[in-house]
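Q: Below are the structure tokens for one structure; questions will follow.
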Amino acid sequence: PRWGLDNWIYAANGISSGGTIRGPALPGSVQLPSTGFRFKPDGSALEPVTGSTGGYGLAFDDWGDRFLVTNQQHALLVAPLAHRYLARNPYYAAPNPVINISSYGHPAGVYRTSQPDPWRLARGKDPAWLKFYGAAEATPNGFFTAASGQAIYQADQFPPEYRGNHFSVDNAQNLVHRCLLVPEGVSYRAKRPREDEQTEFLTSTEEWFRPVNLMNGPDGSLYVVDMYRAIIEDYSAIPRYLQQLYIESLIAGADKGRIWRVKADGAPKPRKVDLTKATREELLGELASGNVWWRETAQRLLVERGDKAATPALAALVREGKTPQARLHALYTLDGLGTLEPEVVQHALADPHFAVRVHAVGLSERWLDKRPTVMQKVLAMADDPEPRVRLQAALTLGESKEPRAVEALGQFAVRYGSDRWMQAAILSSAAASADRLLVSILRR
């Protein structure tokens, strides 16, 4: 599970793992489809979110973009189409929102320094297993076969070029992989750094090194959870005769595990601060930290305390914060406290950074049909230079009952309708207005 910008906790969910969810604080049972989900920390709400995967791991970047993983696909982006929007129109089947953004192979090649597991070498010589799994999975060396536990580096201890990099692990290959995220429309393209085109960020010659999860730490280091096992593979992937040969290896290490800390040369000594005892002013200051751990923790504590006296300072931070990260956290702290005002959102709608504008558009929906000035600013987003902002505006306008919203969707359709994500946004917004939208498009 991962803490989101919006004060919800997000979790990845398996492709066939839907079901009925109940809880003592939930107002009723929740029918969860085979998608990810999010829940309120106090258990009062749980709902589906877009995207499902068969892999272990979930990561957010500074802007709230969500990344998933499968064994052979180390970098999957969830397109920014919230489940609640797509569920509005039961007559429209949206495109698969989970995008493999790797630009260097599916699965991508990797460069291990350890020797392949002996059982894996033996399995690779079996033509039946080669036929069943395919060359990439059955090959004992050279491709992602057990990607998981990814993280976006969101701290300031590493050199600046590492900030925003995507890290993932392959526990079968005993390595941690790094790639760059290059913005591309509403998506990204993952590519290898030039200095790591034929190497990896971290490798081990020890075959028992089994990294499974990564995390940004409060000291700015990258923490690695190492399951430390002789064999980490699902038994179903090991032929029975090999299970019998390596019977002891199947359980060796079950009582062990390690955590590693990867830090930069010359990293400063970690500061020791107990934020649970921090004052309001100290927590407000941490919302501008260069390390996501401090920002998230400060936001969480301010919301948990219900400290509404922090409202004026938070509103000022939305307007004057020196970084977009600080302005975003201030915006969602106000939302979490229940003290977010339309004037603050209107200011954020004109923020110089695209991500602040994107989230401000989503937060504006509660005033869309009540405040003409808010509606006017959202309508003007058709001319925003950033495709992400335009996409969110098209999704948000579907929440309005005003005729102007339908006219604007017609304008979006004519100008940007060839884009599949914009198509999804417009059609998800059109369940109750398809006739008027069609007239608007034809009129243009």
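The values are calculated or read from the model by the stated rules, or taken from the named source; none is laboratory data. Given the structure is predicted, the values throughout are model-derived calculations rather than measurements. Every residue, glycine among them, receives a Cβ derived from its backbone with ideal geometry; neighbour counts consider all protein chains shown. Heavy atoms of the whole protein, side chains included, go into the accessibility calculation; ligands, DNA and RNA do not. Shrake-Rupley method; radii C 1.70, N 1.55, O 1.52, S 1.80 Å.
Q: Considering only region 352-389, state which residues are out of contact with any Phe, Trp or Tyr (no Cβ under 6 Å at 6 or more places or on another chain), assigned to a loop (DSSP other than H, G, I, E, B) and open to solvent by 10 Å² or more (accessible area, probe 1.4 Å).
A: Hits for region 352-389 are 352, 353, 369, 370, 371, 384, 385.
Q: Where residues in region 1-39 are under 17 Å from the mean Cα position of the chain (by Cα), in a loop (DSSP other than H, G, I, E, B) and modelled with pLDDT of 95 or more, which of them is farthest from residue 95 (Cα to Cα)?
A: Applying the filter and picking the extreme gives 7.
Q: Just one of the numbered conditions (1) within 30 Å of residue 390 (Cβ to Cβ); (2) free of Cβ contacts under 8 Å to residues at least 12 places away in the same chain is not true of residue 166; which one?
A: Tallying (1) within 30 Å of residue 390 (Cβ to Cβ); (2) free of Cβ contacts under 8 Å to residues at least 12 places away in the same chain, residue 166 fails exactly one: (2).
Q: Continuing with this model, one more query. From 303, 224, grab the single residue that is closer than 26 Å to residue 168 by Cα and surrounded by 17 or more Cβ atoms within 10 Å (Cβ to Cβ).
A: Details: 303 fails: closer than 26 Å to residue 168 by Cα.
Of the residues listed, the single one that is closer than 26 Å to residue 168 by Cα and surrounded by 17 or more Cβ atoms within 10 Å (Cβ to Cβ) is 224.
Q: Follow-up question, since we're still on this one. How about region 194-215: which of its residues are outside any loop (DSSP other than H, G, I, E, B), open to solvent by 20 Å² or more (accessible area, probe 1.4 Å) and touching a residue at least 24 places away in the same chain (Cβ under 8 Å)?
A: Within region 194-215, 202, 203, 212, 213, 215 qualify.
Q: Would you check which residues across region 271-280 are assigned to a helix (DSSP H, G or I) and either touching a helix residue (DSSP H, G or I) at 6+ places or on another chain (Cβ under 8 Å) or open to solvent by less than 30 Å² (accessible area, probe 1.4 Å) (or both) and list them?
A: So the first thing to find is which residues in region 271-280 are assigned to a helix (DSSP H, G or I), and the list is 275-277, 280.
Matches in region 271-280: 275, 276, 280.
Q: Next question, about the same structure. May I ask you to list the residues in region 281-322 that are within 20 Å of residue 61 (Cβ to Cβ), part of a helix (DSSP H, G or I) and in contact with a Ser or Thr (Cβ under 7 Å, 6 or more places away or on another chain)?
A: Matches in region 281-322: 295, 299.
Q: Can residue 54 be described as among the small types (Gly, Ala, Ser), at pLDDT below 95, part of a loop (DSSP other than H, G, I, E, B) and surrounded by fewer than 19 Cβ atoms within 10 Å (Cβ to Cβ)? It would help to see each step written out before you state the result.
A: Numbers: among the small types (Gly, Ala, Ser): yes; at pLDDT below 95: yes; part of a loop (DSSP other than H, G, I, E, B): yes; surrounded by fewer than 19 Cβ atoms within 10 Å (Cβ to Cβ): yes.
Yes, satisfied.
Residue by residue, here is whether (1) more than 30 Å from residue 305 (Cα to Cα); (2) not hydrophobic (A, V, I, L, M, F, W, C) holds:
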residue	(1), (2)
3	no, no
27	no, yes
76	yes, no
82	no, no
90	yes, yes
95	yes, yes
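Q: Right, another one. Restricting attention to region 121-133, does a residue exist that is at pLDDT 90 or above, surrounded by fewer than 19 Cβ atoms within 10 Å (Cβ to Cβ) and in contact with a helix residue (DSSP H, G or I) (Cβ under 8 Å, 6 or more places away or on another chain)? Explain how you work it out, then say what you get.
A: Narrowing region 121-133 to residues at pLDDT 90 or above: none.
No: region 121-133 contains no residue that is at pLDDT 90 or above, surrounded by fewer than 19 Cβ atoms within 10 Å (Cβ to Cβ) and in contact with a helix residue (DSSP H, G or I) (Cβ under 8 Å, 6 or more places away or on another chain).
Q: When the residues of region 233-270 are narrowed to those that are among the basic types (Lys, Arg) and in contact (Cβ under 8 Å) with a residue 24 or more places away in the chain, which ends up least open to solvent (accessible area, probe 1.4 Å)?
A: Our first condition is that a residue be among the basic types (Lys, Arg); within region 233-270, this holds for 240, 256, 258, 261, 263, 269.
Remaining after also requiring in contact (Cβ under 8 Å) with a residue 24 or more places away in the chain: 256, 258, 261, 263.
Values: 256: 110, 258: 63, 261: 124, 263: 123 Å².
The qualifying residue least open to solvent (accessible area, probe 1.4 Å) is 258.
Q: Sort out which residues of region 58-77 are surrounded by fewer than 22 Cβ atoms within 10 Å (Cβ to Cβ) and outside any loop (DSSP other than H, G, I, E, B), and write them in order of number.
A: Selection gives 60 alone.
Q: Being over 26 Å from residue 164 (Cα atoms), open to solvent by less than 60 Å² (accessible area, probe 1.4 Å) and without any contact (Cβ under 8 Å) to a residue 12 or more places away in the chain narrows it down to one residue among 310, 316; which is it?
A: Numbers: 310 fails: without any contact (Cβ under 8 Å) to a residue 12 or more places away in the chain.
Result of the check over 310, 316: 316.
Q: On to the next question. Pairs needed: first member in region 10-22, touching a residue at least 24 places away in the same chain (Cβ under 8 Å) and closer than 13 Å to residue 69 by Cα; second member anywhere, outside any loop (DSSP other than H, G, I, E, B) and open to solvent by less than 30 Å² (accessible area, probe 1.4 Å); C-beta distance under 8 Å; at least 6 residues apart or different chains.
A: Every condition considered, the pairs that remain are 11/36; 12/36; 12/68; 13/32; 13/36.
Q: While we're on this one: Taking region 177-193 as the search range and keeping residues that are in contact with a Ser or Thr (Cβ under 9 Å, 6 or more places away or on another chain) and without any contact (Cβ under 8 Å) to a residue 60 or more places away in the chain, which one is least open to solvent (accessible area, probe 1.4 Å)?
A: Of region 177-193, the ones in contact with a Ser or Thr (Cβ under 9 Å, 6 or more places away or on another chain) are 177-179, 182, 189-192.
Filter once more, keeping what is without any contact (Cβ under 8 Å) to a residue 60 or more places away in the chain: 178, 182.
Working: 178: 6, 182: 41 Å².
Selected residue: 178.
Q: Would you check which residues across region 85-118 are within 30 Å of residue 365 (Cβ to Cβ), part of a loop (DSSP other than H, G, I, E, B) and either touching an Asp or Glu at 6+ places or on another chain (Cβ under 9 Å) or open to solvent by 50 Å² or more (accessible area, probe 1.4 Å) (or both) and list them? Can you show your working first?
A: Let us first name the residues in region 85-118 that are within 30 Å of residue 365 (Cβ to Cβ), namely 85-99, 101.
Subsequent filtering for residues that are part of a loop (DSSP other than H, G, I, E, B) retains 87-97, 101.
Scanning region 85-118 gives 87, 88, 90, 91, 92, 93, 96, 101.
Q: Exactly one of (1) more than 24 Å from residue 164 (Cα to Cα); (2) buried (at least 16 other Cβ atoms within 10 Å of the Cβ) is unmet by residue 295. Its number?
A: (1)
Q: Every residue in region 390-442 that is in a loop (DSSP other than H, G, I, E, B), of a type outside the set (Ser, Thr, Tyr) and out of contact with any Asp or Glu (no Cβ under 8 Å at 6 or more places or on another chain), please. Even if it seems obvious, please write down each step before you answer.
A: First pass over region 390-442, keeping only residues in a loop (DSSP other than H, G, I, E, B): 398-402, 417-419, 429-433.
Restricting the remaining residues to those that are of a type outside the set (Ser, Thr, Tyr) gives 398-399, 401-402, 417, 419, 430-432.
Within region 390-442, 398, 417, 419, 430, 431, 432 qualify.
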